[in-house]
Structure formats: structure tokens, C-alpha cells
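Colleague: One structure, pasted below without further comment.
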Amino acid sequence: MAEEHSGSCNCGAVRFRTRGKLREVIGCHCSQCRKQTGFYYAATNVFDSELDLEGAGNITWYRSSPQAQRGFCKTCGSALFWKRDGLDYTSIMAGAFDPPTGLAFGYHIFCADKGDFYEIDDGLPRYRQSKV
Ligand SMILES: [Zn+2]
Ligand SMILES: [Zn+2]
């Protein structure tokens, strides 16, 4: 049977299930992610065909840039999703998953924009912007 994972927002109004092994976690240090999370965004990607949402009506989608939206629970405010227009996958915040997640941290992106109140010193690859 394929690997499955579940997760939710803080209040439980939004739940999700995923099928398949989860991709490594990527930390995004851009200013939008910092504003949204208070620190940096740490998320995995799940193909939309392997993602089931429950309580999707409780998600507020905020268009944070011309090409992408950020989804959060309209009741408790938990940051959950990042979705770029036209792509067949959704980024899901690593912290929203129920343990055991099987997740491992992979690398950091948009390090050039990181906050000035911390260092990235975990030895993982760092990219000034996106990986490519
Ligand atoms: Zn919630
Ligand atoms: Zn970001």
C-alpha cells in the first residue's frame, strides 16, 4: 500500500490526506514567507492528484503575487498551502502534518532575502533565490 500522510490546521477545520512519499522540505526565506509565518516557510510538495482536502471551504486563498496564492485556515489562521498557478502540485507546510511525517529537511531558498535576526547554519545547501 502506498505511503499515506494526514495533517490539519490548528483548529481542525481544514484537514488533508496525501498519498505517496513526501518530498524533502524546502525552507523559503523570502520576505512574503517571513511575513506570513513570522520566521521562514518550511514546506513539502504534493501532487494535486495525490492530495485530498477536507473543509476546503474553510481555506482563505490570498493572492500574494501575480502567479501564486497562499492558503490559510480562515478560523485559526494556520498557514497551510502555497500554490503557483498552472502547476500540478501544492506546497504544504511541513508543520501541518501529523507525525510521523517521514520528512527530512533538504535545502534553503531565497537566502538573500532572509531576516536579519537569525543565521542559517545547519550545513544544508543554501540558494540565493530559487534552486534553478
Ligand atoms: Zn483552523
Ligand atoms: Zn518564500
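The numbers here are math on the coordinates, done by the rules we state, and not lab data. Note that this is a predicted model, so its numbers are computed, not measured. FYI the Cβ positions are ideal-geometry reconstructions off the backbone, even for glycines, and counts take in every protein chain you see.
Colleague: Taking segment 45-74 on its own, how many of its residues are assigned to a loop (DSSP other than H, G, I, E, B) and either aliphatic (A, V, I, L, M) or within 30 Å of Ala2 (Cα to Cα) (or both)? First the steps, then the outcome.
Modeller: Here is the first cut: in segment 45-74, the ones assigned to a loop (DSSP other than H, G, I, E, B) are 55, 66-67, 74.
If we keep only those that are either aliphatic (A, V, I, L, M) or within 30 Å of Ala2 (Cα to Cα) (or both) too, we end up with 55.
Going through segment 45-74 one residue at a time, the tally reaches 1.
Colleague: Now a separate question. Examine segment 43-53 for a residue that is within 15 Å of ligand 1 (Cβ to nearest atom) and among the β-branched types (Val, Ile, Thr), and state whether such a residue exists. Steps first, answer last, please.
Modeller: The first filter runs over segment 43-53 and keeps only residues within 15 Å of ligand 1 (Cβ to nearest atom), leaving 53.
Adding the requirement that they be among the β-branched types (Val, Ile, Thr) leaves none.
No, that holds for no residue.
Colleague: Scan segment 10-43 for residues that are in a loop (DSSP other than H, G, I, E, B) and in contact with a helix residue (DSSP H, G or I) (Cβ under 7 Å, 6 or more places away or on another chain) and report the count.
Modeller: First, pick out the residues of segment 10-43 that are in a loop (DSSP other than H, G, I, E, B): 10-14, 20-24, 29-30, 38-40.
Those still in the list that are in contact with a helix residue (DSSP H, G or I) (Cβ under 7 Å, 6 or more places away or on another chain) too: 13-14, 20, 29-30, 40.
Of the residues in that region, 6 qualify.
Colleague: Let me spell it out: the conditions are (1) part of a loop (DSSP other than H, G, I, E, B); (2) β-branched (Val, Ile, Thr); (3) in contact with a Phe, Trp or Tyr (Cβ under 9 Å, 6 or more places away or on another chain), and Thr101 meets all of them except one. Which number is the exception?
Modeller: So the condition that Thr101 fails would be (3).
Colleague: Would you mind finding the one in Arg70, Arg34 that is out of contact with any strand residue (DSSP E or B) (no Cβ under 6 Å at 6 or more places or on another chain), within 26 Å of Ile120 (Cβ to Cβ), in contact (Cβ under 8 Å) with a residue 12 or more places away in the chain and crowded, with 17+ Cβ neighbours inside 10 Å? So that I can check it myself, show each step before the final result.
Modeller: Details: Arg70 fails: out of contact with any strand residue (DSSP E or B) (no Cβ under 6 Å at 6 or more places or on another chain).
After ruling out the rest, the residue left standing is Arg34.
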